[in-house]
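One structure below.
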Amino acid sequence: MSPLQPSLRARHRAVMPEWLTLYYDEPLELTHGEGRYVWDAEGRRYLDFFGGVLTTMTAHALPEVTKAVTEQAGRILHTSTLYLHRHMVELAERIAALSGIPDARVFFTTSGTEANDAALLLATTHRRSNQILAMRNSYHGRSFSAVAVTGNSAWSPTSLSPLQTLYVHGAVRTRGPYAHLSDDRFIEACVADLEDTLGQAHGNVAALIAEPVQGVGGFTAPPDGLYAAFRDVLDRHGILWISDEVQTGWGRTGDHFWGWQAHADSGPPDLLTFAKGIGNGMSVGGVVARAEIMNCLGANSISTFGGSPVTMAAGLANLGYLLEHDLQGNARRVGGLLIERLRAIAAGLPVVREVRGRGLMIGVELVEPDGSPSARAAGLALEHARERGLLVGKGGREGNVLRIAPPMTLTIAEAEEGAAALEEALRRAQHAIGEKERP
Ligand code: PMP
């Protein structure tokens, strides 16, 4: 680059919104990827433990997906939902069957935000109420309605809202007023909090929207069974349950295909939203609901790009690959080993307060020597990991949690490679914040 030419970063800054943040002191331009690896514009290779925010679900440049996209792109790019489209119907059939929701209908959107927006529209119309229950520390997207049910204030830039939202406790297990309780007592306390909150509502409440494992919130989760206990209360009031599976869907959590299944007694939610991984980078999102709920709208509704031909072809190929290669099983096995390895590393490092998660959805929470959340340590660890050729994500309300969510084809050797890089990055962060390692 000539010294007279502004850098890509400077051009980004000059033309993009300030709040569109970039990772790293020297932001990365990624130019291509293969499998679990990506390369930057200078040709450096990185092991990708974040998958573009849990979106590269199977692998970079997966030949099956590339072929499906290329073939469809060569036939027709766009027709709109006004015409029949074979791939769209086929993907809807597969997702309806996998959802566990009886008599399911699927509406495709282009993002997770739009999926949650559609779910909120359905629930509020069906229940004739604009009151919504959401979890504290949650994230559900960036639209006017999605930020209105987003408890994580770092991602909710306005308090203006078309909804009346009541925030419930329970999605953060190891911090907050009930952290010291046993799992059973924790659930009891959260159920009591839910009942109390409902006592403050004005009549009908439409729905509870919840991420089974909070993504942006720092991969925090309640004890298994919390949403089953909530479900009993919701059922008594006729309140619908929306499970936001944008990050937790498709077997990423290893033990389950959907995050809600960790609360299995409850049966399926009334509505389920998905996005991110299903398209492996193509913009596919959607909402699944029983026919009675999906069909409750009294006017037309359309998403021009939702369910477009190329994205549906990609989704079908990607989902087919995931199921045929049992990537849920791989997430359970390789993710289980990775969590164990990271816990062993963390045992000697006081900067790590907790390694949590399941499957290939692992959070590493970092703290200052006094136990307060350390965004500083997380920032340092992120930079050091990158220097060692590893990309990870960040999250948590205070930005102090490393998020690890590689493509679900991750091998054991790659998990080991990533863990070794992360170990060094965490050690360097530990030294920088000035505390000694445990012997
Ligand atoms: N729900 C959850 C749980 C998410 O993590 C996200 C994205 N981070 C969204 C919804 C919004 O999805 P999108 O960015 O595709 O609009």
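The values are calculated or read from the model by the stated rules, or taken from the named source; none is laboratory data. Being a predicted model, the structure only gives us computed values, none of them experimental. Cβ atoms come from the backbone with ideal geometry, glycine included; neighbour counts cover every protein chain shown. Accessible surface is based on the protein model in full, side chains and every heavy atom, while ligands, DNA and RNA are left aside. Shrake-Rupley method; radii C 1.70, N 1.55, O 1.52, S 1.80 Å.
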Hey, among the residues in the stretch 202-213 that are more than 25 Å from the chain's Cα centre (by Cα) and within 27 Å of VAL288 (Cα to Cα), which one's nearest to the ligand (Cβ to nearest atom)? VAL205
Give me the residue from the stretch 133-144 that is away from the ligand (no atom under 12 Å from the Cβ) and open to solvent by 10 Å² or more (accessible area, probe 1.4 Å) and, out of that set, nearest to VAL213 (Cα to Cα). ARG136
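Would it be correct to say that GLU188 is farther than 29 Å from VAL355 by Cβ and charged (D, E, K, R)?
no
Considering only the stretch 223-231, I want to know if a residue exists there that is within 15 Å of the ligand (Cβ to nearest atom), free of Cβ contacts under 8 Å to residues at least 12 places away in the same chain and either surrounded by 24 or more Cβ atoms within 10 Å (Cβ to Cβ) or farther than 28 Å from HIS325 by Cβ (or both).
No - not one qualifying residue is present in the stretch 223-231.
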Which residues, taken from the stretch 105-123, are over 18 Å from the mean Cα position of the chain (by Cα) and surrounded by fewer than 22 Cβ atoms within 10 Å (Cβ to Cβ)? ARG105, LEU121
If I ask for residues that are touching a Ser or Thr at 6+ places or on another chain (Cβ under 9 Å) and either more than 23 Å from LEU198 (Cβ to Cβ) or of a type in the set (Gly, Ala, Ser) (or both), which ones from the stretch 111-138 would you list? SER111, GLY112, THR113, GLU114, ALA115, ASP117, ALA118, ALA119, ALA123, ALA134, SER138
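This table checks each residue for (1) in a loop (DSSP other than H, G, I, E, B); (2) open to solvent by less than 80 Å² (accessible area, probe 1.4 Å).
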site	(1), (2)
LEU4	yes, no
HIS12	no, yes
TRP19	yes, no
LEU22	yes, no
GLU26	yes, no
GLU42	yes, no
LEU47	no, yes
THR56	yes, yes
LEU77	yes, no
Given (1) of a type outside the set (Lys, Arg); (2) within 13 Å of the ligand (Cβ to nearest atom); (3) part of a loop (DSSP other than H, G, I, E, B), identify the lone condition not met by ALA119. (3)
Could you name every one of the helices (runs of 4 or more DSSP H) located completely within the stretch 264-356 that has at least 1 residues being hydroxyl-bearing (Ser, Thr, Tyr)? 309-324
Could you tell me which numbered condition ARG128 fails, if it satisfies all but one of (1) more than 11 Å from the ligand (Cβ to nearest atom); (2) surrounded by 24 or more Cβ atoms within 10 Å (Cβ to Cβ)? (2)
Please find, within the stretch 240-282, the residue that is farthest from the ligand (Cβ to nearest atom) out of those that are of a type in the set (Val, Ile, Thr) and farther than 21 Å from LEU133 by Cα. THR253
Any chance you could count how many residues in the stretch 241-266 are open to solvent by less than 10 Å² (accessible area, probe 1.4 Å) and among the aliphatic types (A, V, I, L, M)? 1
Looking at (1) open to solvent by 30 Å² or more (accessible area, probe 1.4 Å); (2) within 13 Å of the ligand (Cβ to nearest atom); (3) farther than 23 Å from TRP258 by Cα, which one does VAL147 not meet, given that it meets all the others? (1)
In the list GLY389, GLY371, GLY399, which residue meets the criterion of being in contact with a Phe, Trp or Tyr (Cβ under 9 Å, 6 or more places away or on another chain) and surrounded by fewer than 20 Cβ atoms within 10 Å (Cβ to Cβ)? GLY389
Take the residues in the stretch 162-190 that are over 14 Å from LEU226 (Cα atoms) and open to solvent by 40 Å² or more (accessible area, probe 1.4 Å), then tell me which one is farthest from the chain's Cα centre (by Cα). HIS180
